[in-house]
Amino acid sequence: MILQQLSILNYKNIRQADLELSPKMNCFIGHNGEGKTNLLDAICFLSLCKSATGGADSQCICHDEEFAVVQGHYVHEDGTAEEIYLGIKRGAKKQLKRNKKPYKRLAEHIGLIPLVMVSPLDAMLIAGGSEERRRFMDIVISQTDRNYIDALMNYNKALLQRNALLKQEEPAPDEELLGLWEEEMARYGQVVYEARERYVREFQPIFQQIYAYLSLEREEVGLRYVSHAQRGPLLDVIRRDRAKDLVMGYSLHGVHKDDLEMTLGGFPIKREGSQGQNKTYLIALKLAQFDFLKRTGSRTTPLLLLDDIFDKLDADRVERIVRLVAGDSYGQIFITDTNRDHLDQILSRMGGDYRLFHVQEGRISP
């Protein structure tokens, strides 16, 4: 999939931009805080129907404006054109249209334009709570498996209803109704669990291979999926501590507590990793995601967005990343940096088509 043209209006600090893009490499250079990340975020929104920062849609609109619009003109590998329109208005539902036709459900769009974004926010995968790591799995699996999105939404709905009953004091929660929501959680939770387990199993060898290449095989990394569903039938696990759940007022067990254990040399990377090792780990995770998406789902080459990825890396690791992303395995790439030298390294290795843009105070110019 190739993004040929991008139009932005009132998206964060980008008042207006109309860009003709390279099918291979698009580089955006500028100081911090000028709008480079906002540009990538707009592209991300067109693929995933939400901002990569995880904030409310209204936060994507320029402060003194009432609406924002992002529009992309894409082309598939077979030459088929796609026009995607996103409209955000304060106090209203966002509008997403494919070739001028609105979607009935936004979930129908996920996976059409597969995308992987590597950014400084990824640091939360290591430093943050388990919800960050579940989101990491959800974003990729949702782009390859429509049933997964439905199962995850239905599980979360059942979880919300069960938690509402658990918080109820007078009258006491209806046990039959609790049981029904627990059955729904177990039914859809099993689908979520199996998809996550399968994903991590297929994903881990690719991740380890990429990390070994980037680190010159200096370190060994691991990734282990941990879920309450591994303790036995999920319905039994959810019901086992119902009395404790009633005291706490929320559900203590289920796939909403799943996690990924990230290790370096057999120990938690959160405790052991240097800044450079953590950054290498995160980049390897995301590039492995790219490989996974390319081989599954819509079987089209994803867009790759690289936001300020070279900071805190030594020269050897920068060189390895440059070699990797400049190779033939990757399709269209969008990359930002404050350092022109890094971009020049990549462009000199590529020797192919590219576009270079300057970003200043939300204005983007060739």
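Each value in this text was obtained by applying a stated rule to the coordinates, not by laboratory testing. The structure displayed is predicted, hence computed values, not measured ones. Here the Cβ positions follow ideal geometry from the backbone for every residue, glycine too, while neighbour counts run over all protein chains shown.
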Legend entry - Selection of trypsin sites (Lys or Arg not before Pro), the range 72-140, meeting DSSP coil and at most 13 other Cβ within 10 Å: R90, K93, K100, K104, R105
Legend entry - Rounded to whole Hz, the Karplus (6.51, -1.76, 1.60) HN-Hα couplings of the range 312-318, x for glycine and proline: 6, 10, 6, 4, 5, 6, 4
Inset, instruction - Using the number of other C-beta atoms within 10 angstrom as an exposure proxy, rank F203, F334 with the fewest first. - result: F203, F334
Inset, instruction - Could you list which residues have their amide H under 5 Å from that of R355, counting only those 5 or more apart in sequence or on another chain, with H placed in the peptide plane? - result: S22, M25, N26, C27
Inset, instruction - Amide H neighbours of I61 under 5 Å, at least 5 residues apart or on other chains, H built in the peptide plane: list them. - result: K12
Inset, instruction - Relative to the compact-globule scaling 2.2 N^0.38 Å, provide the ratio for the alpha-carbon radius of gyration of the range 127-297. - result: 1.18
Legend entry - Calculated from backbone phi, Karplus (6.51, -1.76, 1.60) coupling profile of the range 227-236 in Hz, x at Gly/Pro: 8, 4, 5, 7, 8, x, x, 4, 4, 5
Legend entry - Positive-end residue, the range 127-297 charge dipole about Cα centroid, Cβ charges, pick of A158, G265, A172: G265
Legend entry - Listed residues M137, M262, M248, most fluctuating in the chain (Gaussian network, C-alpha, under 10 Å): M248
Inset, instruction - Mind pulling the angle between the C-alpha long axis of helix 175-214 and the longest principal axis of the chain? Nearest 10 degrees, somewhere in 0 to 90. - result: 30 degrees
Inset, instruction - Would you order M1, M185, M153, M25 from fewest to most other beta-carbon atoms within 10 Å of each residue's own beta-carbon? - result: M153, M1, M25, M185
Inset, instruction - Output ³J(HN,Hα) for the range 69-76: one whole-Hz value per residue in order, computed from phi by the Karplus curve 6.51 cos²θ - 1.76 cosθ + 1.60 with θ = phi - 60°, and x for Gly and Pro. - result: 9, 10, 9, x, 10, 10, 9, 6
Legend entry - Cα-centre dipole for the range 212-260 with unit charges at Cβ (Lys and Arg positive, Asp and Glu negative), debye to 20: 360 debye
Legend entry - Beta bridges by DSSP in the chain, antiparallel share as percent, to the nearest 5: 70 percent
Inset, instruction - Mind scanning K24/K279; K100/K286; K36/K312; K94/K270 and naming the pairs with a C-alpha gap bigger than 27 Å? - result: K100/K286; K94/K270
Legend entry - Top positive-direction residue, dipole computed over the chain with Cβ charges, set G276, S7, L313: S7
Inset, instruction - Return the whole-Å distance between the Cα centroid of the range 266-332 and the Cα centroid of the range 61-121. - result: 25 Å
Legend entry - Total charge dipole magnitude, the range 1-80, about the Cα centre, Cβ charges on Lys, Arg, Asp, Glu only, Debye to nearest 20: 220 debye
Inset, instruction - Could you state the angle between the C-alpha long axis of helix 340-350 and the longest principal axis of the C-alpha atoms of the chain, as a value from 0 to 90 degrees rounded to the nearest 10? - result: 80 degrees
Legend entry - Average silhouette area of the range 1-83, convex hull of alpha-carbon atoms, in square nanometres: 5.8 nm²
Inset, instruction - In debye, nearest 20, what is the charge dipole magnitude of the range 200-337 about its Cα centre with +1 on Lys and Arg Cβ and -1 on Asp and Glu Cβ, if you could check? - result: 600 debye
Inset, instruction - Could you work out, for the range 45-179, what percent of all Cα-Cα pairs fall into each 5 Å distance bin, beginning at 0 Å and stopping at the bin that holds the largest distance? - result: 2, 8, 14, 16, 17, 16, 12, 8, 4, 3, 1, 0, 0
Legend entry - Which of D78, D245 has the fewest Cβ neighbours within 10 Å, and the rest in rising order: D78, D245
Inset, instruction - Determine the calculated [θ] at 222 nm for the chain from helices alone, applying -39500 (n - 2.57) to every DSSP H run no shorter than 4 residues and normalising by the residue count; nearest 500 deg cm²/dmol. - result: -13500 deg cm²/dmol
Inset, instruction - Using only the Cα atoms of the range 60-122, construct the convex hull and provide its projected area averaged over every direction, in square nanometres to one decimal. - result: 6.0 nm²
